[in-house]
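The values are calculated or read from the model by the stated rules, or taken from the named source; none is laboratory data. None of the values given here were measured: they were computed from a predicted structure. Every residue, glycine as well, gets a Cβ built from its backbone with ideal geometry; the counts of neighbours run over all protein chains shown. Ligands, DNA and RNA are stripped out before the accessible areas are found, and what is left, the full protein with its side chains, is counted by its heavy atoms. Shrake-Rupley method; radii C 1.70, N 1.55, O 1.52, S 1.80 Å.
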Amino acid sequence: MSRPPMVAVIGRKHSGKTTLLVRLAGELGRRGYRVMSIKHGSHTFNIDPSTTDTYRHYHEGNVERVAMAAPDKFALVVRWAEELGPEEIAERYMSDADVVLCEGFKRSELPKIEIFREGAHALPLYDAGSGDGGRYLAVVTDASARTRDLVLAGVPEVIGLETEDWLRRVGDVVERDVMRRRA
């Protein structure tokens with residue numbers, strides 16, 4: 001097994017991370033790539049209502065793993081004692097992807113694309129002085145030119161949401177800098 005190329009889509013709460021990831025996944029899919037994703041959650045989740053048999057397998061039967069199989073999809077819920085990082089998850093379960101888009105994981109060592117909407121937050125996560133600044137590939141933003149010049153100086157690519165081709169440009173960044181393919 002090998003780890004596929006990965007990138008983290010990060011941003012503050014309610015900045016548009018999910019929207020960006022979904023649009024980017026669609027763009028890369030249209031380009032013919034096999035795209036997979038990992039969503040980071042800060043608390044537990046339940047994909048199975050308490051009225052189902054698989055819920056009972058997991059909760060009442062305390063099984064280590066339960067698979068849900070249907071004609072059109074498959075899900076595997078695995079009980080773990082310690083959280084795996086996105087790299088290990090991708091290597092174990094998504095090694096056949098052309099690219100894995102991760103939502104969140106801002107503290108990971110993955111290359112990062114931040115979504116920063118000035119209307120929602122005063123400042124981006126990006127900090128040129130932090131050790132994490134070098135992991136940034138791009139910031140997608142609606143920020144004013146002044147904010148871009150002052151706060152986002154040093155980001156390799158600042159992509160304005162006001163431009164018609166912003167999504168194509170983000171896809172090009174992922175192809176070129178993550179997948180190491182010619183955009």
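So that you can scan it fast, the table gives a plain yes or no per residue for (1) under 16 Å from residue 8 (Cα atoms); (2) open to solvent by 70 Å² or more (accessible area, probe 1.4 Å); (3) touching a residue at least 60 places away in the same chain (Cβ under 8 Å); (4) out of contact with any Gly (no Cβ under 6 Å at 6 or more places or on another chain):
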residue	(1), (2), (3), (4)
121	no, no, yes, yes
132	yes, no, no, yes
138	yes, no, no, yes
166	no, no, no, yes
173	yes, no, yes, yes
176	yes, yes, no, yes
Among (1) in contact (Cβ under 8 Å) with a residue 60 or more places away in the chain; (2) over 15 Å from residue 21 (Cα atoms); (3) of a type in the set (Gly, Ala, Ser), residue 160 falls short only on (1)
Looking only at the stretch 43-70, count how many residues are closer than 16 Å to residue 81 by Cα, open to solvent by 70 Å² or more (accessible area, probe 1.4 Å) and either of a type outside the set (Ser, Thr, Tyr) or in contact (Cβ under 8 Å) with a residue 40 or more places away in the chain (or both). 6
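Determine whether residue 117 is touching an Asp or Glu at 6+ places or on another chain (Cβ under 9 Å), open to solvent by 80 Å² or more (accessible area, probe 1.4 Å) and in contact (Cβ under 8 Å) with a residue 40 or more places away in the chain.
Values: touching an Asp or Glu at 6+ places or on another chain (Cβ under 9 Å): yes; open to solvent by 80 Å² or more (accessible area, probe 1.4 Å): yes; in contact (Cβ under 8 Å) with a residue 40 or more places away in the chain: yes.
In short, yes.
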